[in-house]
Amino acid sequence: MSVPEPAAPFLADPGRLLELSAGGDLIAFGRFYDLMAPRAYGLALRILRDPGYAEETVQEVFLQVWKQASGYRPSLGSAQSWVLTITHRRAVDRVRSESSATRRDEADAAAGVTRTDDVAEQVTDQIARDQDAADVRRCLGTLTDNQRESIEMAYFSGLTYREVADRLGIALPTIKSRIRDGLRRLKNCLGGELA
């Protein structure tokens, strides 16, 4: 069964894509991400001046957008403004956090002090990240090979759905279906944490 492609104006309407994303439409969210991520990254990079920090910030922003899409109110501004406001706030918070950490480290170095609380917090954070990564790896193992390959290309390699379809030589609707079904399976395996 072939899934019809939406009309071109729909593809360029971030507000409509965000509205569909709020309803759990992963395809719409993917398109929304493709439209908005370059702008969010550009803003984050201008503020942070570090490509790695900018990428991390954009990932955090779109995770927040996915989780809070239903909270977006068009009457308060455009979807683009909403995403860029979130990006700006997160980037500024990161600058403040990094500046504060640098000042603390410099003061500690001057005083010859090590903060055991900071070390304990870093270790705890690393353990939590390691556990999250282990959970994702475990759940990726529950997918079919086709689902896993498509999701890895789209989400870990940053390819668009069309690029995944082109690289695999498979019809775009089939790739969309694989990714949608795989993401549902991942969500269930992770206990609903993707929503």
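The values are calculated or read from the model by the stated rules, or taken from the named source; none is laboratory data. Everything numeric here is computed off the predicted structure, so don't read it as measured data. Please note: Cβ atoms are built from the backbone with ideal geometry, for glycine as well, and neighbour counts cover all protein chains shown.
Among the conditions (1) touching a Leu at 6+ places or on another chain (Cβ under 9 Å); (2) farther than 20 Å from Pro14 by Cβ; (3) in contact (Cβ under 8 Å) with a residue 40 or more places away in the chain, the only one that Ala91 does not satisfy is (2).
Residues considered: Ile179, Ile175. Of these, the only one that is under 17 Å from Tyr33 (Cβ atoms), assigned to a helix (DSSP H, G or I), over 18 Å from the mean Cα position of the chain (by Cα) and not acidic (Asp, Glu) is Ile175. Screening Arg137, Arg90, Arg46 for residues that are at pLDDT 90 or above and either loosely packed, with under 14 Cβ neighbours inside 10 Å or assigned to a loop (DSSP other than H, G, I, E, B) (or both) leaves exactly one candidate, Arg46. Could you tell me whether the stretch 146-159 includes any residue that is polar (S, T, N, Q), modelled with pLDDT under 80, out of contact with any helix residue (DSSP H, G or I) (no Cβ under 9 Å at 6 or more places or on another chain) and surrounded by fewer than 15 Cβ atoms within 10 Å (Cβ to Cβ)? No - not one qualifying residue is present in the stretch 146-159.
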